[in-house]
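First up is the structure itself, then whatever we jot down about it.
The values are calculated or read from the model by the stated rules, or taken from the named source; none is laboratory data. Computed from a predicted structure; not experimentally measured. For neighbour counting, all protein chains shown are included, and Cβ atoms are generated from backbone atoms with ideal geometry for every residue, glycine included. Areas reflect the complete protein model, heavy atoms only, side chains present, ligands, DNA and RNA absent. Shrake-Rupley method; radii C 1.70, N 1.55, O 1.52, S 1.80 Å.
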Amino acid sequence: MTFQNEYVPKAESEKSEFLLQVRSKLRLGYVSNDKWTVDRENDMALVRTGCGREIDDHDEDYWTFLRGNDTYRFDTRLLSSHELSGKRKYLKRSIRFRAAAGLSNPTDEVIQLIKCALTTYKDYGLISEYESCELVLINHEGEVL
């Protein structure tokens, strides 16, 4: 299971037909600080739509994942982090999916695709500045996903 990450330059994010369709499906509008990673071949996109700004939530990130016509919104909170060696990193994050009209419930396959998208190396510092990342996701019940 893979997610083919593509860097999306700012100019393209404003003009690309694929991204215009994604923005429309996700009802994102034009957020100037959003961070994209896309897999056009498999019709998937992951966007970081925000982060916590207060002391209590500064380690939270807010995400939207699109796979075909299915939309998933979720939050992650950093629980622990350390460098393993060189350009490798270990991250432990809690994940909470949002339930609302128009949002899909994630299957195990979708959770693994999201995990791949979050951990695959991206150029230009998007989401991960490391060549590889071990990511452990923990659900609200404390179970490893």
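Assorted remarks:
- First in the range 33-57 and aromatic (Phe, Trp, Tyr), second anywhere and at pLDDT 75 or above, Cβ under 8 Å, 6 or more apart: 36/19; 36/45; 36/46; 36/47
- Count of residues meeting criterion [modelled with pLDDT under 85 and either open to solvent by less than 60 Å² (accessible area, probe 1.4 Å) or closer than 19 Å to residue 58 by Cα (or both)] in the range 101-115: 2
- Any hit, the range 119-130, residues being assigned to a helix (DSSP H, G or I) and modelled with pLDDT of 90 or more: no
- Residue that is at pLDDT below 80, open to solvent by 30 Å² or more (accessible area, probe 1.4 Å) and within 18 Å of residue 115 (Cα to Cα), where the choices are 37, 2: 2
- Of all residues in the range 13-34 being open to solvent by less than 60 Å² (accessible area, probe 1.4 Å) and more than 19 Å from residue 72 (Cα to Cα), the one that is modelled with the lowest pLDDT: 13
- The range 80-101, residues that are of a type outside the set (A, V, I, L, M), within 18 Å of the chain's Cα centre (by Cα) and not in a strand (DSSP E or B): 98
- Test: residue in the range 56-79 that is surrounded by fewer than 12 Cβ atoms within 10 Å (Cβ to Cβ), in a strand (DSSP E or B) and either modelled with pLDDT of 75 or more or of a type outside the set (Lys, Arg) (or both): no
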